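> Just passing along the structure, written as structure tokens.
Bear in mind that the values in this text are calculations on the coordinates, not laboratory data. For clarity, every value in this text was computed on a predicted model and none was experimentally measured. FYI the Cβ positions are ideal-geometry reconstructions off the backbone, even for glycines, and counts take in every protein chain you see.
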Amino acid sequence: MLEFNIGVNNGWDNLSENNSSKTLEFNAVLNLPHGISWSNAIVFGDEHRELGEAGAEAEAARLARTSFSPVSISPSDLMIAATAADVTHDDQRIVYDSILTYQPHKQWTLMANFDYGSEQGTGTGGSDSEWVGVAGYAHYDATDRVGLTLRSEIFDDMDGARTGIEQTLFETTLTAGYKLTPAMETRLEYRYDASNHNGFFGPGEDNQSTIAAELIFTF
């Protein structure tokens, strides 16, 4: 069976619209026998903020606070960087997302995910930026109520467009879930993150560990 979906979105990293353009989403899912499905999606649209003068000043201040460059940047240069979104707000961002799911047994679900993204005018010297991500998931339903999930991911932000730094990020997460009811689940999660860029997680830190507890309602 083949399914198609089309969507219109305000943006990627924001809840409200940040410019006068919309982002389009196209998705096709191929469902095959033996618990196999393959989803392919393309998300395309302009995601540069239309700042205006006041917004550009605020963005310049943000850049001054968050710049990782060892080279001193003048306020005028920061204003130019901050207003670039206004000048080039018709540049497009596109991402291709592919997910392959396989359920070899009713208790096991395996998943592989690949993403490739590109955005015009956000790379070095105004070139196009690119990023690539790969992930693998394995989920095991030990009982009707207990589930375990292992997830590992690699994200190569080769031009620093998504994280602000040219780096490769690695992540592994182990999650234990318990269903209190069919519509309510608790989860305990341990996550380890690492970067090949020293200092991304704090002064002198290239990795971090996180423990999280979650309560999830399904409706």
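> How do the peptides 157-165, 184-192 rank, highest first, by the average count of neighbouring beta carbon atoms within 10 Å per residue? Each step should come with its number before you reach the end.
Working: 157-165: 16.9, 184-192: 14.3.
For the peptides 157-165, 184-192, the packing ranking is 157-165, 184-192.
> Between Val29 and Phe114, what is 0.36 nm times their sequence separation minus the Cα-Cα distance? Round to one decimal in nm.
Values: separation 85, 0.36 × 85 = 30.60 nm, distance 1.47 nm.
Extra length from Val29 to Phe114 when fully extended: 29.1 nm.
> Still on this structure, please answer the following. What is the set of long-range amide H partners of His197 at a cut-off below 5 Å, with H atoms built 1.01 Å from backbone N?
Here the answer is Thr168, since their amide H atoms fall under 5 Å of that of His197.
> Is region 93-217 rounded, prolate or oblate when judged by the Cα gyration tensor, a ≥ b ≥ c being the square roots of its eigenvalues, rounded requiring a/c under 1.5 and prolate requiring a/b larger than b/c? The partial results should precede the final answer.
Details: a/c = 2.75, a/b = 1.73, b/c = 1.59.
Since a/c reaches 1.5 and a/b is larger than b/c, the shape of region 93-217 is classed as prolate.
> Run the simple label-point estimate for Ser98 and Phe44 please: 7 Å along Cα→C-beta, distance reported in nm.
Going from the Ser98 label point to the Phe44 one covers 1.8 nm.
> I need the calculated FRET efficiency for the pair Asp156 and Met184, taking r as the beta carbon distance and R₀ as 35 Å, to the nearest 0.05. List each step's numbers first, then the result.
Numbers: r = 37 Å, r/R0 = 1.06.
According to the calculation, E is roughly 0.40.
> How high is the FRET efficiency from Ile216 to Ser127, r the C-beta distance, R0 30 Å, rounded to 0.05?
Working: r = 42 Å, r/R0 = 1.38.
E between Ile216 and Ser127, to the nearest 0.05, is 0.10.
> For region 89-219, what is the relative contact order in percent, using Cα pairs closer than 8 Å and at least 6 residues apart in sequence? Provide the component values of the computation, followed by the final result.
On the way: 310 pairs, mean separation 19.3, N = 131.
It rounds to 15 percent for region 89-219.
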